[in-house]
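*Asks:* Below you will find the structure I want to go over with you.
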Amino acid sequence: MVVFGGDSGHQLLDDTKMLNLEKLTWDSTTPKVLPSPIRSTSKLPACKGHCMVSWGNSVILVGGRSEPATDRLSVWSFNTETEIWSLMEAKGDIPAARSGHTVTRAGATLILFGGEDAKGKKRHDLHMFDLKSSTWLPLNYKGSGPSPRSNHVAALYDDRVLLIFGGHSKSKTLNDLFSLDFETMVWSRVKTNGPHPSPRADCSGALCGTKWYITGGGSKKKRQAETWVFDVLESKWTVRAVPPSSSITTKKGFSMVPLYHRDKIVLVAFGGNKKDPSDKVEVLVVLQNDHSYSWRSAPDVDPLLYEYSPSTKELAGHLNKCAPLYSNSSVARHSLASTVERASREEHGALGTSLHRKYGQVEDCSLAQKLEKLIDDDKYDDVDDCSSCPLVVSCSRKISGKMLTTKDQVEGG
């Protein structure tokens with residue numbers, strides 16, 4: 001898990017940290033910044049409210065509120081093998097600088113939505129960034145989409161449907177849910193069945209298969225700690241976990257990444273701020289027991305210790321004792337990376353046709369292929385593809401950071 005920047009409570013941060021999720025230890029790293037001809041300094045700017053997305057063996061950092069402030073959105077790449085940061089010299093219709101936005105990835109294409117610009121204006125614009133040619137393009141859509149907002153959460157389901165939930169508008173906190181169908185480029189408000197989350201912003205989300213886990217968040221007056229799960233296929237919300245009041249999920253701006261460990265879905269949370277900023281790591285092990293999930297390390301044992309010391313090795317021990325979520329434990333797994341790769345391949349194959357049934361789509365064309373065609377039509381130059389590189393879990397830091405992981409190794413990305 002790669003951690004960059006955030007807010008210490010006294011200043012913005014510009015350091016890079018790497019958490020080994022197998023051992024739950026912080027690896028020593030001294031990253032360098034590649035000199036850029038378009039920047040007067042070779043130092044990576046301190047920032048918060050940025051987005052980080054994994055791509056091959058790199059982590060892509062997009063935007064954020066930095067010091068000093070900039071007019072245009074910047075995109076940085078961190079190579080986890082060489083531990084070198086480099087500024088991607090973007091071209092095209094570069095969006096305005098912002099923080100509190102969301103970025104999702106489809107193949108070699110990033111999808112950016114919303115956020116708050118340097119003047120404090122909430123936005124609801126939609127842009128795409130081609131990682132191979134470092135080119136920004138606006139995305140035109142139809143329908144009444146989400147209102148301008150920041151600090152919302154987003155997920156990209158099956159490379160075809162973009163989901164946007166909650167956030168802060170100019171005057172209130174939101175709990176609406178929208179979807180953008182990339183086959184038709186039409187926004188629509190999602191109608192859900194049964195209970196639903198109260199208005200909230202600054203929550204963290206993780207899409208695992210057809211389930212979208214959304215944890216924490218709240219309004220300016222009240223924070224929420226529970227984890228809601230949105231079933232993409234059933235359009236239904238359910239509450240799956242309620243942690244104790246001491247959990248960092250009650251804090252503002254914590255971050256979260258999903259991963260697989262020995263057939264279990266694991267959500268790893270880090271940082272956040274309530275009265276003071278936190279450097280704690282917490283783990284939610286998703287267990288299926290009578291169709292419910294629990295903030296526990298295993299059935300019939302004491303509740304999971306929430307405030308792990310990053311120097312301990314308790315995580316592996318806790319996870320190995322848990323009952324498996326899936327029943328394919330006969331296959332040997334030697335690392336988290338191999339677990340993630342196998343689970344993502346199996347899920348992607350099983351879900352390949354589900355979205356066609358739900359949304360009535362006919363054309364079999366992925367978002368990555370569609371957006372690449374747009375770029376090819378505009379005759380932008382390509383560079384080497386990183387689609388065959390190994391997976392990387394990426395995140396950002398403390399108060400306003402956002403963490404995203406790409407667990408699906410889709411074709412062409």
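The values are calculated or read from the model by the stated rules, or taken from the named source; none is laboratory data. The structure presented is a predicted model; accordingly, all values stated were derived computationally and were not measured. All Cβ positions, even for glycine, are placed from backbone atoms using ideal geometry, and neighbour counts span all protein chains on display. For accessibility, only protein heavy atoms count, side chains too; no ligands or nucleic acids. Shrake-Rupley method; radii C 1.70, N 1.55, O 1.52, S 1.80 Å.
*Asks:* Could you grab me the full set of residues in the stretch 46-73 that are open to solvent by 30 Å² or more (accessible area, probe 1.4 Å) and either in contact with a Lys or Arg (Cβ under 9 Å, 6 or more places away or on another chain) or at pLDDT 95 or above (or both)?
*Replies:* Those that are open to solvent by 30 Å² or more (accessible area, probe 1.4 Å) and either in contact with a Lys or Arg (Cβ under 9 Å, 6 or more places away or on another chain) or at pLDDT 95 or above (or both): Lys48, Arg65.
*Asks:* Just need a number here: residues in the stretch 139-160 that are in contact with a Leu (Cβ under 7 Å, 6 or more places away or on another chain), under 16 Å from Val103 (Cβ atoms) and either modelled with pLDDT under 95 or open to solvent by less than 20 Å² (accessible area, probe 1.4 Å) (or both).
*Replies:* 6
*Asks:* For Pro37, state whether it is at pLDDT 80 or above and either of a type in the set (A, V, I, L, M, F, W, C) or open to solvent by 40 Å² or more (accessible area, probe 1.4 Å) (or both).
*Replies:* no
*Asks:* Another question, if that's okay. Filter the stretch 184-198 down to the residues that are surrounded by fewer than 19 Cβ atoms within 10 Å (Cβ to Cβ) and at negative phi and list them by number.
*Replies:* Thr184, Val186, Ser188, Arg189, Val190, Lys191, Thr192, Asn193, Pro195, His196, Ser198
*Asks:* I need the strands (runs of 3 or more DSSP E) fully contained in the stretch 204-265, keeping only those with at least 1 residues that are among the hydrophobic types (A, V, I, L, M, F, W, C), within 16 Å of the chain's Cα centre (by Cα) and under 16 Å from Asp176 (Cα atoms).
*Replies:* Here the list reads 211-215, 227-231.
*Asks:* Do you know which of the residues in the stretch 20-34 that are out of contact with any strand residue (DSSP E or B) (no Cβ under 8 Å at 6 or more places or on another chain) and open to solvent by 90 Å² or more (accessible area, probe 1.4 Å) is nearest to Val283 (Cα to Cα)?
*Replies:* Filtering first and then ranking leaves Lys23.
*Asks:* If you don't mind, another one. Pairs, please: C-beta under 8 Å, at least 6 apart or cross-chain, first residue farther than 15 Å from Ser54 by Cα and in the stretch 103-125, second acidic (Asp, Glu) and in a strand (DSSP E or B)?
*Replies:* Pairs that qualify, where the first residue is farther than 15 Å from Ser54 by Cα and the partner is acidic (Asp, Glu) and in a strand (DSSP E or B), are Phe113/Asp125; Gly114/Asp125; Lys122/Glu116; Arg123/Glu116; Arg123/Asp117.
*Asks:* Here's a follow-up. Only one of these conditions is not met by Ser8: (1) over 26 Å from Thr173 (Cα atoms); (2) open to solvent by 20 Å² or more (accessible area, probe 1.4 Å); (3) among the hydroxyl-bearing types (Ser, Thr, Tyr). Which number is it?
*Replies:* Going through the list (1) over 26 Å from Thr173 (Cα atoms); (2) open to solvent by 20 Å² or more (accessible area, probe 1.4 Å); (3) among the hydroxyl-bearing types (Ser, Thr, Tyr), Ser8 breaks only (1).
*Asks:* To continue, here is another question. Please go through the stretch 210-253 and give me each residue that is modelled with pLDDT of 90 or more, of a type in the set (A, V, I, L, M, F, W, C) and open to solvent by less than 10 Å² (accessible area, probe 1.4 Å), ordered by number.
*Replies:* Trp212, Ile214, Val229, Phe230, Val232, Trp237
*Asks:* On the basis of being surrounded by fewer than 19 Cβ atoms within 10 Å (Cβ to Cβ) and among the hydrophobic types (A, V, I, L, M, F, W, C), does Leu207 make the cut?
*Replies:* no
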